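Worksheet: one structure, shown below.
The values are calculated or read from the model by the stated rules, or taken from the named source; none is laboratory data. The structure presented is a predicted model; accordingly, all values stated were derived computationally and were not measured. Please note: Cβ atoms are built from the backbone with ideal geometry, for glycine as well, and neighbour counts cover all protein chains shown.
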Amino acid sequence: MKNLFPIVFISFIMSVVISCKKSDSTPAVSVITKRSDSISMSDGYVNEVYYNMTTGKVQTSPRATWDIAFRTMKRSSSILINDGAGVKLYTYPKADTSGWATMDTTGLSGWKPMYNDPANWENGAFSRNARGHPDYGWAIYNDVNHNLIGDSLFVIKLRDGSYKKLWIVKKLSTLNIYVFRFANLDGSGEQAVNEDISSLAATDFSGYSLETNTRVAFEPLKKNWDILFTKYMSVQPDGTPYPVIGVLSNDSVKTKKFYPVALTYSNPSAGTWDSTRSSIGWNWKKINMITFAYSVVDSTVFYVKPVNGDMYKMYFTAYSGTPGGVVKFNLEK
């Protein structure tokens, strides 16, 4: 009997713990790690920084190296422009693809530029005229061979300020090859490209420089990063696009934003998870229009579920603006 009580007592405690774990659908948050961190996009935000919530900075990439980027998934039609580097895209309004050889850009200054959707990686600038399946903006889906056939022409302003005409001829979906043509506006210097991205599925997008006619690898492996500190085009409430410095999320990442709350806020079970591209976004900071100095909004807390499925609480503590492009923040796992 002397040894029975400890055994029975321990068994009872274990059964209670197991029972509690099974029945508790909203466990208390346990903070495992805390750390302060910072990144730098350098003066003038010339770089962008890919970040992993667990391990920290993954990669710093020069911003102005590519003009367009193809999403590498076979079942995707998304083509981005490098809008953070000043690239602009215009749909040619005067003809379909039959007008390639005779393109007339008179009135270009009055054409409306198109940008990437700030909320959706799949809705790149080339897709902004999409009307729904089978119309994907730049192309029409062929339900026999599953290819995307380009039905539109574009004019694109490059990073260096020059203009090209551009035709995404087709996507061979099964092979994961994009076929496209580009040239100077007068038709000179035409290039025909077969861009095979079939081996690049581990990254989300593959870049291309129309200035140098070369592929540009600007992203780390998709599984390795959670958020991206960068410059991109957002949209004002009246629909006007404008450039911002902010944070974009890997589309495997989910976020909750709580505002206004104390920085000690600790109720991640409230609200709903947001998996949009700019769920963290840019308005966690503000500028003093007299001093032109930035400060962070100290009543904003984010909860972030990164690619690996953990959960982090995140809030920003400082932002330098264009000198250094430094962002400081705290993380709690």
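Number of residues in the stretch 199-244 that are part of a loop (DSSP other than H, G, I, E, B) and surrounded by fewer than 16 Cβ atoms within 10 Å (Cβ to Cβ): the value is 13. Taking the stretch 119-191 and the strands (runs of 3 or more DSSP E) fully enclosed by it, the elements with 3 or more residues that are touching a residue at least 40 places away in the same chain (Cβ under 8 Å) are at 154-157, 163-172.
With the condition kept exactly as written, say whether any residue in the stretch 262-274 is buried (at least 20 other Cβ atoms within 10 Å of the Cβ) and either among the aromatic types (Phe, Trp, Tyr) or not in a loop (DSSP other than H, G, I, E, B) (or both). Within the stretch 262-274 (the criterion being buried (at least 20 other Cβ atoms within 10 Å of the Cβ) and either among the aromatic types (Phe, Trp, Tyr) or not in a loop (DSSP other than H, G, I, E, B) (or both)), the answer is no, since none of the residues qualifies. Every test in (1) in contact with a helix residue (DSSP H, G or I) (Cβ under 7 Å, 6 or more places away or on another chain); (2) among the charged types (D, E, K, R); (3) farther than 29 Å from Ser173 by Cβ is passed by Asp204 save one, and that test is (3).
Of all residues in the stretch 245-278, those being free of Cβ contacts under 8 Å to residues at least 60 places away in the same chain and among the hydroxyl-bearing types (Ser, Thr, Tyr) number 8.
Within the stretch 80-101, being among the β-branched types (Val, Ile, Thr) and surrounded by fewer than 18 Cβ atoms within 10 Å (Cβ to Cβ) holds for one residue alone: Thr97.
Of the residues making up the stretch 161-194, those that are exposed (fewer than 13 other Cβ atoms within 10 Å of the Cβ) and either at positive phi or touching an Asp or Glu at 6+ places or on another chain (Cβ under 6 Å) (or both) are Gly161, Gly187, Gly189. Give the stretch 95-112 a look and list any residue that's assigned to a loop (DSSP other than H, G, I, E, B) and of a type in the set (A, V, I, L, M, F, W, C), or say none. Within the stretch 95-112, Ala95, Trp100, Ala101, Met103, Trp111 qualify.
The residues of the stretch 101-146 that are among the hydrophobic types (A, V, I, L, M, F, W, C) and under 29 Å from Pro237 (Cβ atoms), listed by number, are Leu108, Trp111, Met114, Ala119, Trp121, Ala125, Phe126, Ala130, Trp138.
Of the residues in the stretch 294-307, at least one is exposed (fewer than 15 other Cβ atoms within 10 Å of the Cβ), touching a residue at least 24 places away in the same chain (Cβ under 8 Å) and closer than 30 Å to Ala125 by Cβ.
For every residue, the table says whether it meets (1) at pLDDT below 95; (2) under 14 Å from the mean Cα position of the chain (by Cα); (3) in the same structural domain as Gly325 (by TED's automatic domain parsing).
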| residue | (1), (2), (3) |
| --- | --- |
| Phe182 | no, no, no |
| Ala192 | no, no, no |
| Ser198 | no, no, no |
| Asp204 | no, yes, no |
| Met233 | no, yes, yes |
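Considering only the stretch 50-60, I want to know if a residue exists there that is within 28 Å of Gln191 (Cβ to Cβ) and not aromatic (Phe, Trp, Tyr). No, every residue in the stretch 50-60 fails to be within 28 Å of Gln191 (Cβ to Cβ) and not aromatic (Phe, Trp, Tyr). Only one of the numbered conditions (1) over 20 Å from the mean Cα position of the chain (by Cα); (2) within 24 Å of Leu158 (Cβ to Cβ) is violated by Val87, and that is (1). Scanning the stretch 36-94 for residues that are of a type in the set (Lys, Arg), free of Cβ contacts under 8 Å to residues at least 60 places away in the same chain and in a loop (DSSP other than H, G, I, E, B) yields one hit, Lys94.
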